[in-house]
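Here the structure comes first, spelled out in C-alpha cells, and everything after it is commentary.
The values are calculated or read from the model by the stated rules, or taken from the named source; none is laboratory data. Computed from a predicted structure; not experimentally measured. Here the Cβ positions follow ideal geometry from the backbone for every residue, glycine too, while neighbour counts run over all protein chains shown.
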Amino acid sequence: MNILLIGYGKMGKAIEQIALHRGHTIIARVDNSHERESLSNTLQIDVAIEFSQPEVAVDNLLFCFQRKIPVVCGTTGWLASRDEVVTHCKRNDGSFFYASNFSLGVNIFFKLNEYLAKLMAGQQNYTISIDEVHHTQKKDAPSGTAITLAEGVTANNKNYNQWTYPEKPSSHGIVINSFRIDPAPGTHTVKYQSEMDDIEIKHTAHSREGFALGAVLVAEWLPSHKGVLNMNDFLKF
C-alpha cells in the first residue's frame, strides 16, 4: 500500500516506522502547504494519514478529497470546521476517517467512560471533571481525547450538557483541566467527586506506538470503505 504522510513530526515518524515494518511504502511526506501543493498528480496514493497541526488540518483534508485520496486524520483542535469537512467529503464521494485517539486501549476507555456515566446519571452528589496531561509540544488544549470523554458523559448523563474551561465553570458543565508536562505522551482521568468519596477512571499512554499502530491499521482498512467514518465503524463496538 502506498501511503502519503501529511505531517512529519513525532507522530508522523512513529507512523512511518510501523507502516514500513508492515510492508507498506511511504510514497511521499508532506510537512507544509508548499510540499503539499507540489505533489505530482501522477503519484499512486492509496491512502493519506494526516497528523499535522490544527491550523492547517482542514486545508490538508480538502486537498485529499479533491484528489480522491482516502484520508485518515488524527489531528485535533479543528473540529469547529467539521461540518465544512464533512460536506466536502460527501460532495467528492470521499473516504474520511477521524478519531481523536487511535489507541485501542483509549477506545475501550471511551466505552468504559460512557458506561460509568450511565451508572452515575442518577447520583446528584457527585461533581464530574476531567484531567488531561500531555507533552508541552501539544498545541491544542483541551485534548481531543478529553473532549471525546466529556461528550461521552453528556450523551449519557442528563445532569451535564457541555464541557468548560476551569476559568468558566458552570453548574451543568464538565470542567476539563489541561496540563502540559514533558515527556508525557498522554494521561486522561475522569473524576466523580463528592463529600463522601471519589470515583476515578484513568488511561495512561506509555508511548506513541499504540496511537501509530492504530492509525496504520485504520489506513489499511479505509480504502475499501466510503463516507465519513470513525472508530466505532472500525472496531464494531
Got a number for residues in the range 147-176 being closer than 23 Å to VAL106 by Cβ and among the polar types (S, T, N, Q)?
6
For the range 74-94, give me the residue count where each residue is assigned to a loop (DSSP other than H, G, I, E, B) and either among the basic types (Lys, Arg) or surrounded by fewer than 15 Cβ atoms within 10 Å (Cβ to Cβ) (or both).
1
In the list VAL30, VAL47, VAL56, which residue meets the criterion of being in contact (Cβ under 8 Å) with a residue 40 or more places away in the chain and in contact with a helix residue (DSSP H, G or I) (Cβ under 9 Å, 6 or more places away or on another chain)?
VAL47
Pull up the range 3-23, narrow it to residues that are of a type outside the set (A, V, I, L, M) and in contact with a Phe, Trp or Tyr (Cβ under 6 Å, 6 or more places away or on another chain), then point me to the one that is nearest to SER103 (Cα to Cα).
GLY12
From the list SER143, SER194, SER178, which residue is closer than 18 Å to GLY77 by Cβ, outside the structural domain of GLY74 (by TED's automatic domain parsing) and touching a residue at least 60 places away in the same chain (Cβ under 8 Å)?
SER143
Counting only residues that are hydrophobic (A, V, I, L, M, F, W, C) and over 25 Å from LEU20 (Cα atoms), how many does the range 216-237 have?
2
Quick check: is even one residue across the range 84-104 farther than 26 Å from GLU55 by Cβ, modelled with pLDDT under 95 and not aromatic (Phe, Trp, Tyr)?
yes
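Matching residues to (1) exposed (fewer than 14 other Cβ atoms within 10 Å of the Cβ); (2) in contact with a helix residue (DSSP H, G or I) (Cβ under 7 Å, 6 or more places away or on another chain):
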residue	(1), (2)
SER129	no, no
GLN137	yes, no
PRO142	no, no
ALA146	no, no
LEU149	no, yes
GLY152	no, yes
TRP163	no, yes
GLU167	yes, no
ASP182	yes, no
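Here's the yes/no breakdown for (1) farther than 19 Å from TRP221 by Cα; (2) in contact with a Lys or Arg (Cβ under 7 Å, 6 or more places away or on another chain); (3) among the aliphatic types (A, V, I, L, M):
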site: HIS24; (1), (2), (3): no, no, no
site: ASP59; (1), (2), (3): yes, no, no
site: PHE63; (1), (2), (3): yes, yes, no
site: VAL72; (1), (2), (3): no, no, yes
site: ALA80; (1), (2), (3): yes, no, yes
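Residues checked against (1) surrounded by 14 or more Cβ atoms within 10 Å (Cβ to Cβ); (2) under 23 Å from the mean Cα position of the chain (by Cα); (3) aliphatic (A, V, I, L, M):
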| position | (1), (2), (3) |
| --- | --- |
| ILE3 | yes, yes, yes |
| ILE6 | yes, yes, yes |
| ALA14 | yes, yes, yes |
| LEU20 | no, yes, yes |
| THR25 | no, no, no |
| ALA28 | yes, yes, yes |
| SER33 | no, yes, no |
| ARG36 | yes, yes, no |
| ASP46 | yes, yes, no |
